[in-house]
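Taken together, the values in this text are just the output of simple stated rules run on the coordinates, not laboratory data. Being a predicted model, the structure only gives us computed values, none of them experimental. Glycine also receives a Cβ, built like all others from the backbone with ideal geometry; neighbour counts cover every protein chain displayed.
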Amino acid sequence: MNTKVWVVDDRANLSTSYPHISQAAQLLRENEVVAFPTETVYGLGANAFSDEAVRKIYEAKGRPSDNPLIVHIASKSKLDEIAKDIPDYAYKLINEYWPGPLTLILPKKGKLLSTIVTAGLDTVGVRMPDHPIALSLIREADVPIAAPSANRSGKPSPTQASHVYHDLNGKISGIVDGGATGVGVESTVLDCSTAVPTILRPGGITKEQLEAIIGEVKIDQALVEEGHAPKSPGMKYTHYAPNAPVVVVKGSLEFLQKVINKHQSEGKKVGVLTTMENVNQLEADTIIPCGSRADLPSVAAQLYDGLRKFDKEDIDIIISESFPQEGVGEAIMNRLLKAAGNNFIFEQ
Ligand code: AMP
Ligand code: MG
């Protein structure tokens with residue numbers, strides 16, 4: 001399959017008649033899959049009403065079929081068509097954070113949605129992305145768009161069109177290239193099918209931001225301690241992983257350097273994922289900086305690109321700094337520890 005790439009760099013002039021967006025929307029209407037930028041990461045979109053279209057997403061990604069997809073809408077009024085029994089607190093969050101990186105899990109309504117989108121569950125994950133290209137594409141396609149991250153299953157999510165091209169060239173109909181995404185980690189997934197809402201996946205909207213609007217919010221036990229089955233099926237799979245194994249290290253710079261030295265003394269080539277502040281303080285075979293410790297959103301924005309860069313380097317292991325688990329640091333650490341398969345070393 002020939003994968004078309006449309007470069008759409010003139011966001012200011014976007015309109016529903018923008019020719020590239022129209023072509024991409026036409027393909028979506030024809031039940032083809034197209035990747036597009038959102039404010040979090042690139043999504044791989046297909047008509048959420050069509051089994052045929054949605055099946056193509058799972059095939060292109062190599063995604064396990066029991067992992068449901070998030071449905072993207074371009075207007076709040078479309079929510080009623082696919083979800084029901086929406087609690088008041090969900091409306092409060094929608095008023096505050098949509099469009100934005102917040103996915104709400106709600107009871108599914110009617111029979112229009114493909115059952116493959118929801119992996120047979122009676123709930124559906126819905127969000128309205130905060131990106132002009134995503135919104136105009138969904139609006140023009142005129143159907144809800146199922147869209148997981150546009151990477152091969154298991155790899156770091158794409159935050160640039162080149163990442164999508166690398167993973168999915170030849171497997172999908174097209175890529176709308178709108179430059180680098182902003183937030184860099186995926187949406188927060190919040191289960192709203194219960195009396196007290198529960199975070200199933202930390203993401204672009206923090207627990208603190210949710211609680212500021214609606215009060216108590218729980219965190220899925222599976223995110224806090226091992227041995228609990230995650231309520232979000234996707235959280236049980238290995239994710240975000242570069243080719244080399246990843247180890248996350250918490251401690252002083254001296255301790256980090258000791259861990260690096262230990263692996264080098266075993267004959268391994270060591271890559272280090274660090275921050276601007278520490279890039280000149282450490283010695284290793286390859287050092288890749290990813291944002292600033294003083295500005296965690298900048299780490300989130302560059303995290304996946306940083307992890308992907310190691311795949312081009314001759315290294316045997318990646319040692320990563322760790323980050324405070326507060327604000328967006330919660331999402332950063334969740335993704336890093338998944339990439340590491342929970343290989344986490346602390347300084348004693
Ligand atoms: P991705 O598409 O890569 O951003 O992943 C979507 C995440 O949302 C995965 O962790 C899914 O398991 C989760 N998700 C989507 N729909 C549902 C749902 N109905 N119930 C629980 N989790 C969901
Ligand atoms: Mg994903």
Members of segment 60-78 found to be surrounded by fewer than 20 Cβ atoms within 10 Å (Cβ to Cβ), in contact (Cβ under 8 Å) with a residue 60 or more places away in the chain and of a type outside the set (Gly, Ala, Ser), listed by number: 64, 66, 67, 78
message: Scan segment 260-267 and tell me whether some residue there is farther than 30 Å from residue 122 by Cβ and in a loop (DSSP other than H, G, I, E, B).
response: yes
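Here is a yes/no grid of residues against (1) within 18 Å of the chain's Cα centre (by Cα); (2) within 16 Å of ligand 2 (Cβ to nearest atom); (3) surrounded by fewer than 19 Cβ atoms within 10 Å (Cβ to Cβ); (4) over 27 Å from residue 148 (Cβ atoms):
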position: 193; (1), (2), (3), (4): no, no, no, no
position: 201; (1), (2), (3), (4): yes, yes, no, no
position: 212; (1), (2), (3), (4): no, no, yes, yes
position: 226; (1), (2), (3), (4): no, no, yes, no
position: 242; (1), (2), (3), (4): yes, yes, no, no
position: 262; (1), (2), (3), (4): no, no, yes, yes
field: Spans of helices (runs of 4 or more DSSP H) in segment 157-254 with at least 1 residues away from ligand 1 (no atom under 11 Å from the Cβ), under 28 Å from residue 282 (Cβ atoms) and of a type in the set (Gly, Ala, Ser)
entry: 161-168
field: Residues located in segment 35-62, provided they are among the polar types (S, T, N, Q) and part of a loop (DSSP other than H, G, I, E, B)
entry: 38, 40, 50
message: Looking only at segment 39-53, filter to residues that are surrounded by 24 or more Cβ atoms within 10 Å (Cβ to Cβ) and within 15 Å of ligand 1 (Cβ to nearest atom); which one of those is nearest to residue 124 (Cα to Cα)?
response: 48
- prompt: For segment 318-345, which residues satisfy the criterion of being in contact with a helix residue (DSSP H, G or I) (Cβ under 9 Å, 6 or more places away or on another chain), hydrophobic (A, V, I, L, M, F, W, C) and surrounded by fewer than 21 Cβ atoms within 10 Å (Cβ to Cβ)?
  reply: 344, 345
message: buried (at least 23 other Cβ atoms within 10 Å of the Cβ), in a helix (DSSP H, G or I) and either touching a residue at least 40 places away in the same chain (Cβ under 8 Å) or β-branched (Val, Ile, Thr) (or both): is that true of residue 25 in this structure?
response: yes
